[in-house]
1. Between B:ASP103 and A:PHE63, what is the label-to-label distance in nm when each label sits 7 Å out along the Cα-to-Cβ direction?
2. If you add up the charges near B:ASP109, with Lys and Arg at +1 and Asp and Glu at -1, over every other residue whose beta carbon is less than 14 angstrom from its beta carbon, what do you get?
3. Trypsin sites (Lys or Arg not before Pro) within region A:109-140: which are DSSP loop residues with at most 11 other Cβ atoms inside 10 Å?
4. What order do you get for A:THR140, A:THR148, A:THR93 when you list them from fewest to most C-beta neighbours inside 10 Å?
5. Please report B:TYR34, A:TYR40 as a ranked list, fewest other C-beta atoms within 10 angstrom at the top and most at the bottom.
6. I'd like the distance between the alpha-carbon centres of region A:116-132 and region A:1-69, rounded to an integer number of Å.
7. What distance in nm separates the simple spin-label points at A:ARG48 and B:GLN112, each placed 7 Å from Cα in the Cβ direction?
8. By counting other Cβ atoms within 10 Å of each Cβ, how are B:TRP107, A:TRP119 ranked from fewest to most?
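Just so it is clear, none of the values below were taken in a lab; they were calculated from the coordinates. A quick note: this is a predicted structure, and the numbers were derived from the prediction, not measured. Glycine also receives a Cβ, built like all others from the backbone with ideal geometry; neighbour counts cover every protein chain displayed.
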Amino acid sequence: MALVATGNRDEALDIIQDAMIKLVKNYAGRPEEEWPPLFYRIVQSTIRDWYRRQQVRSRVMSFMGLDKNEDEFTLEDFPDPGVPQADEAMNNTQAARLLDRALHRLPLRQQQVFMLRAWEGQSTAETAQAMRCTEGTVKTHYSRAVHTLREILGDYRP
Amino acid sequence: MSQIDQEKAFVSRLKQSLDQRLDELDDETATQLYAARQKALRSLPQSRPRWLAVGGWSAAAVSLLLVMVLWNTDGQSPDSPGFIEDLELLSTNEDIEFIEDLDFYLWLDDEQQVV
């Protein structure tokens, strides 16, 4: 989840490390069954903090004329879902890369909701708790995320 | 297939792809995650280390035993006649040989007085 959000392995590991330390320091005394939802919540807020820092950094770099968007994707990175691919046997690595890029294009909140609901199998209520928002907001974000991903990936086949 | 079913199938395929990536996690990342977990566990706040509690009680017990042994050496207690003298001997700055031969010097002194 952190890797998808940051797009950087080291940054993702730092986020997970911070989240683990926060969990142990603040909630070690809590019952064990409370640890997973607490951990999800900490990871999500740590990702949001990271994202805000990145935005500030990006603005400063842009102001100084030093911005360089190496990670920016172009439309050519995504196949047109309506047009059959020249090579139908798209391998798993390519598919995974496309999925990564598509997830990366989602607004952060939509991305987080999608990952928690679709991948981690969290319920709407659990996701709302982790995201500190209402269940209605979770449903809206999830619906928009799936809609956008379908638009980008079309009939995705891993 | 209904719209909802299509959506479910689509999400299921995405999940399958993400699961596959998790299964293929490289050794280096797995090792770093394990190290992160260990580091987090080491940061566990401890009000008082267990070894300190055990060590504290052990030290107290040893101290108590030492006091009891010293107290009962040769059946002497602080109010026994020889106890104060022994303490004076131990705390004096005189040469230990002089103290050992003290009886001889006392006898010599008596003899000289007689003569």
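1. 9.7 nm
2. -4
3. Answer by residue number: A:ARG132.
4. In order of increasing Cβ crowding within 10 Å: A:THR93, A:THR140, A:THR148.
5. B:TYR34, A:TYR40
6. 17 Å
7. 9.8 nm
8. B:TRP107, A:TRP119
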